[in-house]
Ligand SMILES: *Cc1c(COP(=O)(O)O)cnc(C)c1O
């Protein structure tokens with residue numbers, strides 16, 4: 001029986017009914033501008049401030065350390081460009097990141113390099129991990145910022161963020177983390193983990209698209225990315241996306257409430273999927289088995305093209321990805337898979353399945369039933385497979 005299985009939760013997630021219900025009034029009846037003085041305006045202001053407290057509570061920081069943005073990309077741009085421009089005035093023109101960040105970080109770094117900033121791209125190991133020691137050795141007197149993602153969107157690797165942040169604190173260097181894939185899925189304490197700045201996005205945790213936040217610890221504020229009105233304490237102009245912000249607050253609250261129950265459930269589904277598919281010949285698991293997001297499965301099947309696999313899975317009703325959503329459609333294999341040392345031809349045969357709140361046991365059964373014959377069929381048509389199958 002054909003099913004519809006959404007296994008691309010790292011690309012985006014479905015808005016949950018609870019989040020939608022919370023958002024509706026702010027689109028329909030209480031559509032006021034939070035800056036207006038009459039009651040529907042004041043109510044909207046209250047709703048935005050409630051959401052700010054919800055985000056702060058979920059991440060263990062102060063509400064006045066939460067700045068709403070249009071999403072993860074904007075938060076990443078603001079953290080990096082803002083900090084670079086601010087600290088350049090003190091002669092600090094060096095940044096440290098890794099070579100397998102999201103493009104919102106890598107392309108921002110490239111833009112800063114064009115302006116004359118210097119960026120060190122730390123290599124990750126074959127599992128996609130970077131160490132605090134690597135960071136320690138890369139820090140220089142002119143280092144303005146270290147930015148390392150909490151968890152990778154393609155291969156799910158979770159970095160030793162507390163250790164890295166401790167090294168940065170000791171050296172007196174600001175630390176930013178793109179935690180878009182981690183928020184709502186892993187327990188995070190901005191305060192205890194010594195994180196200076198953190199980016200998050202609602203649509204990766206069953207909230208709406210086009211809204212996110214940058215957390216900035218007190219005592220440090222990068223210059224504005226968007227100038228205009230006085231919203232977000234004058235730091236990020238533009239009439240607030242009230243319904244979106246309310247949706248983010250509700251989504252992050254729901255995710256934290258459910259984490260204790262969801263993490264073991266999703267982890268078990270993930271492991272069953274990995275164990276079932278890894279049995280096929282010439283398959284490798286990309287990323288680390290232990291330090292891994294609960295819902296992430298990323299495998300490379302030698303001798304096939306990821307794109308063909310995706311098309312056949314789509315035909316079977318399964319939504320998956322073979323890299324990051326932004327790079328599919330380009331012929332270059334993902335920079336993440338190349339960063340962990342996969343040869344081009346192996347990287348091309350990769351499949352990412354990302355599970356979430358709605359994934360069921362039956363969904364996993366269905367994927368396990370559909371993928372092996374599709375892989376076999378594609379390999380039977382592949383001239384490459386003929387050559388490598390007995391190696
Ligand atoms: C999705 C994603 C982003 C971008 O977030 P948007 O809200 O879509 O702009 C940034 N970083 C990571 C790791 C992501 O997965």
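Coordinate-derived values only; no laboratory data. Just so we're clear, the structure is a prediction, and the values are computed from it rather than from any experiment. Here Cβ is always computed from backbone atoms with ideal geometry, including for glycine, and neighbour counts include all displayed protein chains.
Only a single item in (1) in a helix (DSSP H, G or I); (2) over 24 Å from residue 253 (Cβ atoms); (3) touching a strand residue (DSSP E or B) at 6+ places or on another chain (Cβ under 8 Å) is not met by residue 79, and it is number (2).
Need the failing condition index for residue 219 against (1) more than 20 Å from residue 249 (Cβ to Cβ); (2) in a strand (DSSP E or B); (3) over 14 Å from the mean Cα position of the chain (by Cα), just the number. Of (1) more than 20 Å from residue 249 (Cβ to Cβ); (2) in a strand (DSSP E or B); (3) over 14 Å from the mean Cα position of the chain (by Cα), only one is false for residue 219: (2).
Looking only at residues of region 71-88 that are under 24 Å from residue 55 (Cβ atoms) and away from the ligand (no atom under 16 Å from the Cβ), we find that the one that is farthest from the chain's Cα centre (by Cα) is 86. Considering region 89-125 alone, what residues qualify as being crowded, with 17+ Cβ neighbours inside 10 Å, closer than 18 Å to residue 197 by Cβ and either within 16 Å of the ligand (Cβ to nearest atom) or over 22 Å from the mean Cα position of the chain (by Cα) (or both)? 92, 94, 97, 98, 101, 102, 104, 105, 106, 108, 109, 117, listed by residue number. Considering (1) within 12 Å of the ligand (Cβ to nearest atom); (2) within 24 Å of residue 192 (Cα to Cα), the lone condition that residue 51 does not fulfil carries the number (1). Would you check which residues across region 337-388 are part of a loop (DSSP other than H, G, I, E, B) and more than 18 Å from residue 285 (Cα to Cα) and list them? Of everything in region 337-388, those that are part of a loop (DSSP other than H, G, I, E, B) and more than 18 Å from residue 285 (Cα to Cα) turn out to be 356, 357, 358, 359, 360, 381, 382.
Looking only at region 199-244, filter to residues that are over 24 Å from residue 26 (Cβ atoms) and in contact with a helix residue (DSSP H, G or I) (Cβ under 7 Å, 6 or more places away or on another chain); which one of those is nearest to the ligand (Cβ to nearest atom)? Selected residue: 225.
With respect to the conditions (1) crowded, with 16+ Cβ neighbours inside 10 Å; (2) away from the ligand (no atom under 11 Å from the Cβ); (3) in a helix (DSSP H, G or I), residue 188 falls short on a single one, namely (3).
Restricting region 76-88 to residues that are touching a helix residue (DSSP H, G or I) at 6+ places or on another chain (Cβ under 8 Å) and under 17 Å from residue 150 (Cβ atoms) leaves a set whose member that is surrounded by the most Cβ atoms within 10 Å (Cβ to Cβ) is 76.
Criterion applied to 15, 19 was being in a helix (DSSP H, G or I) and either touching a residue at least 40 places away in the same chain (Cβ under 8 Å) or touching a strand residue (DSSP E or B) at 6+ places or on another chain (Cβ under 9 Å) (or both), and the one residue passing it is 19. Selection within region 227-249: residues that are farther than 16 Å from residue 201 by Cβ and in contact with a strand residue (DSSP E or B) (Cβ under 9 Å, 6 or more places away or on another chain). The member of this set that is surrounded by the most Cβ atoms within 10 Å (Cβ to Cβ) is 240.
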